[in-house]
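Asker: Encoded as structure tokens, here's the structure I'll be asking about.
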Amino acid sequence: MRNVGYTLLLAPLESQLQASGVKTLVFNPLGQFRTVPLAALHDGEQFLVQNYAIAHTLSWSLLSQSTTRRQPENSHALIFGLTRGETNYAPLPGVQRETQAIQKILGEGKSQVFLNETFTPDTLQQALRLQPISILHLATHAKFGGTPESSFIQASSQQISLPELEKILASAIYPPSLLVLSACQTAAGNERTTLGLAGISLRTGVATVLGSLWFANDRLSAELLSDFYQYNQKFPLAEALKRAQVKQISDPRSHPATWAGFTLWGRWQ
């Protein structure tokens, strides 16, 4: 049975999409539509992501700005994670496994991991200023409140507010091409938080942001993101995310709540 979202958004275009041979759908959502997990729209037989790779853009102008610069060939990846519990937050045991798996995929000589006490605003800023970074991966809790000041990423023993994180990203020697966030609800935010982390990242020159609309099981999230990086060795970003999500759909442990929240913002190629 089709769900209401598919009936309203995709059903009217179904025949045109099939005839065109389109493989990737790019949405420019407005307002609360930004929080809709489009990958989970269902046509009665399959989820939307089983038929199309899906990407989002907050602004076509921001997208064009983020794609004008090319990443240097000698760029590296930074992987920051928090496994231990902090005030009001439970431990994230899957983060240890996640960061190790991602570093193995990206290459130990081309990536650096900062866990727990080494994950601070200072170490993040210094690492971004030291050399060009192609990927910045943050595996930690985050909260998006009613204002930018009440929204933050959790580092070791302290929080990095949204305005502070924007300054850190803006100070990078070269904006990361890809910013990935796991274990937190970080992708779209809301209009009062200036479009969330996707907005500030794209404004500071980050070409692509991958994050989740809600908190998901950290073990399954770790598996999905590891698969994403693995697929991205051969496929474009949106296609890599699609394949990782489709793989989870076939996993009996999974549910749309564990994979559909992950969304790609910005450049999708």
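None of the figures in this text is laboratory data; all of them are computed from the coordinates on show. On a predicted model such as this, the values are computed, not experimentally measured, just so you know. Neighbour counts are summed over all protein chains in view; Cβ atoms, including those assigned to glycine, are modelled from backbone coordinates with ideal geometry.
Asker: If you build a Gaussian network model of the chain, linking Cα atoms that sit under 10 Å apart, which residue out of N217, N88, N116 swings the most?
Answerer: Highest fluctuation of the listed residues: N88.
Asker: Ranked by Cβ crowding within 10 angstrom, fewest neighbours first, how are W265, W214 ordered?
Answerer: W214, W265
Asker: Also, I was wondering about something else. Just Q248, Q96, Q46 to compare: in a GNM of the chain, with alpha carbon springs under 10 Å, which one fluctuates most?
Answerer: The residue with the greatest mean-square fluctuation here is Q46.
Asker: Right, another one. Could you check the spin-label model distance between Q131 and E164? Points 7 Å from the Cα along Cα→Cβ, value in nm.
Answerer: Label at Q131, label at E164, 2.7 nm between them.
Asker: Let me ask something else about it. Of K104/K242; K143/K242; K110/K143, which pairs sit farther than 28 Å apart, going by alpha carbon to alpha carbon?
Answerer: K110/K143
Asker: Going toward the positive end of the dipole of the chain, with +1 on Lys and Arg Cβ and -1 on Asp and Glu Cβ, which of I249, A19, L78 do you reach last?
Answerer: Positive-end residue among those listed: A19.
Asker: So, one more: At 0.36 nm per residue, minus the direct Cα-Cα distance, what do Q50 and S171 gain on full extension? Give it in nm, one decimal, please.
Answerer: 39.7 nm
Asker: Grab the Cα-Cα distance for N3 and Q18, subtract it from 0.36 nm times how many residues apart they are, and report the gain in nm with one decimal.
Answerer: Gain in length upon complete extension: 3.5 nm.
Asker: Once you've got the GNM for the chain with C-alpha springs shorter than 10 Å, pick whichever of G81, G94, G109 has the biggest mean-square fluctuation.
Answerer: With Cα springs under 10 Å in the chain, the top fluctuation among G81, G94, G109 is at G109.
Asker: A further question on this structure: What FRET efficiency comes out for K234 versus K110 if R0 is 22 angstrom and r is the Cβ-Cβ distance? Round to the nearest 0.05.
Answerer: Between K234 and K110 the formula returns 0.80.
Asker: Here is a follow-up. Mind sorting out which of (i) 22.8; (ii) 13.7; (iii) 15.1 is the real mean projected area of the Cα convex hull in nm² computed from the coordinates?
Answerer: Label (ii) holds the value from this structure.
Asker: Let me ask another. How large is ³J(HN,Hα), in whole Hz, for each residue of region 13-26 in order, when computed from phi with the Karplus curve 6.51 cos²θ - 1.76 cosθ + 1.60 and θ = phi - 60°, using x for Gly and Pro?
Answerer: 9, 3, 5, 5, 5, 5, 6, 7, x, 4, 10, 10, 9, 10
Asker: List every DSSP H helix in the chain whose Cα atoms extend 20 Å or more along the helix's own long axis and whose mean Kyte-Doolittle hydropathy is at least 0.5.
Answerer: Values: long enough: none.
Result, helices passing both filters: zero.
Asker: Okay, next question. Antiparallel DSSP bridges in the chain: what percent, to the nearest 5?
Answerer: 35
Asker: With n ≥ 4 as the cut-off for DSSP H runs, can you work out [θ] at 222 nm for the chain, using -39500 (n - 2.57) per run divided by the number of residues, rounded to the nearest 500?
Answerer: -9500 deg cm²/dmol
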